[in-house]
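Asks: Before I ask anything, here is the structure I am working with.
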Amino acid sequence: MKIYIAMQDIYKEGSIGLRILKNEFLSLGFECEFFVWQEYENLKDCVILPLGVWDYSLKVDEFLRFLDFCELNNIILINNTKLIRKNLDKSYLLDIKDAVKSNIVDIKDIKLKPNQIIKPLIGQSGNGVARFNDDINLQFYKDKALIQEYINHNSEACLVFFEGAYQYSILRTKNNDFRANYNYGVKIDDFNPSNELISLASKYIPKDSFYARCDVFLADRFYINEIECIEPALYFDKKPEFASIFANKMKKHLNSLKI
C-alpha cells in the first residue's frame with residue numbers, strides 16, 4: 001500500500017519535517033511520495049496523510065470535493081474524513097469547556113469589543129485573524145465568523161498526541177505580534193508540560209484520531225485555543241525521533257486494517 005503525503009502546491013517537495021517522516025516510511029518498506037492535494041483524480045489503492053494541505057481553508061469547496069473523492073474511491077485518509085470534516089470548522093470549540101470563550105456571529109453583525117478578536121470559522125495560519133480596531137480582511141470569511149475573548153499571553157504550548165496518547169510538546173513564544181503562529185515569527189522551543197496540562201489536553205483529543213495537536217494558551221490559567229486534526233505542524237524537524245514512532249504506529253495501524 002502506497003502512502004501519499006498531501007501538500008500545498010508551493011511545497012510539493014515537502015517540508016523538512018515531512019521529508020524526515022517520508023524517509024521513515026521508506027525505511028519501513030513503504031512506497032511514499034508527496035503529491036499536490038488538488039491532483040487527486042488518478043489516485044487509487046493508497047493511504048493519504050493530509051499533513052501539508054496548508055492552503056485548504058482558501059479552497060474549501062475544492063478540499064471538500066477531495067474528501068468526497070477519497071470516500072467514493074475507498075482511499076484511506078488519516079485522519080479519517082469524518083473527523084477532518086468536523087475539524088474544518090472551528091465551531092467545535094463551542095463544545096470545549098476549557099477553550100477560549102467563543103461565539104459565532106454573522107459577518108454583517110460584527111461589533112468587536114476591545115477585549116475581543118475575530119477569526120474565520122474555517123481558517124489557517126492566522127489568516128484573517130484581527131483585533132479590535134484592526135482592519136478585517138473579509139476575503140478569509142464567508143457568512144459567519146468566530147468572535148473570541150482576547151487572552152493576554154506570551155506563549156502557547158502545543159501538545160502532540162498519536163492514537164490518543166500524549167507524545168511530546170513544543171512551546172511557541174510570541175514575537176511582537178498577538179498571534180503565536182509560525183508566520184508571525186514565533187520562537188520554537190522544547191517544552192515539558194505539567195501532568196495537569198497533559199490531563200487537560202487529553203480530555204479533548206478525539207478518540208478516533210491517529211494524530212492530533214492541542215494548542216493551549218499559557219496565561220492566568222490554561223485556555224485551549226485549538227485542536228488540530230488536519231495539517232498540524234508536528235515538528236519532526238525538532239523531534240525527529242518521533243517521526244520514527246509515528247511511522248511505526250502507522251504500520252501497525254494499517255496492519256490492523258489488514259492492508
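Asks: Tell me which lysines have Cα within less than 16 Å of Lys12's Cα, excluding those fewer than 8 residues away on the same chain?
Replies: Lys22
Asks: Report, to the nearest whole %, how much of the accessible area of the chain belongs to carbon and sulfur atoms, 1.4 Å probe, protein only. Show your work: numbers first, answer last.
Replies: On the way: 5880 of 12870 Å².
Looking at the chain in its full context, I get 46 percent from C and S.
Asks: Something else: Please list 10-17, 246-253 highest first by mean number of surrounding beta-carbon atoms within 10 Å per residue.
Replies: 246-253, 10-17
Asks: So for the chain, Kirkwood radius off the Cα pairs, Stokes-Einstein at 37 °C and 0.692 mPa s: how many µm² s⁻¹?
Replies: Working: Rh = 19.1 Å.
The calculation lands on 172 µm²/s.
Asks: Also, quick follow-up: Would you mind checking the tilt of helix 16-27 against the longest principal axis of the Cα atoms of the chain, expressed as 0 to 90 degrees and rounded to 10?
Replies: The helix 16-27 is inclined about 20 degrees to the chain.
Asks: Please enumerate, by chain and number, the aspartates and glutamates with C-alpha under 13 Å from the C-alpha of Lys207, excluding those fewer than 8 residues away in the same chain.
Replies: Glu163
Asks: If the cut-off is a Cα-Cα distance under 27 Å, which lysines reach Lys144, setting aside same-chain residues fewer than 8 apart in sequence?
Replies: Reachable lysines: Lys59, Lys82, Lys86, Lys90, Lys97, Lys101, Lys108, Lys111, Lys113, Lys119.
Asks: Now for a separate question. Each residue of region 40-49 in order: what ³J(HN,Hα) in whole Hz does its phi give by Karplus 6.51 cos²θ - 1.76 cosθ + 1.60, θ = phi - 60°, with x for Gly and Pro?
Replies: So the Karplus estimates, Gly and Pro as x, are 9, 4, 9, 6, 6, 6, 8, 10, 10, 9 Hz.
Asks: Still on this structure: Exactly which trypsin sites (Lys or Arg not before Pro) in region 33-66 are in a DSSP loop and have at most 14 other Cβ atoms within 10 Å?
Replies: Sites meeting the loop and neighbour criteria: Lys44.
Asks: Taking the Cα centroid of region 67-128 and of region 212-232, what is the distance between the two, rounded to the nearest whole Å?
Replies: 13 Å
Asks: Of the DSSP beta bridges with both residues in the chain, give the percent that are antiparallel, rounding to the nearest 5.
Replies: Counting DSSP beta bridges with both partners in the chain, the antiparallel share is about 75 percent.
The values are calculated or read from the model by the stated rules, or taken from the named source; none is laboratory data. If you're wondering where the values come from, they're calculated on a predicted model, not measured in any experiment. Positions of Cβ are backbone-derived with ideal geometry, glycine not excepted, and every protein chain shown enters the neighbour counts. These area figures cover heavy atoms from the full protein model, side chains too; ligands, DNA and RNA do not enter into them. Shrake-Rupley method; radii C 1.70, N 1.55, O 1.52, S 1.80 Å.
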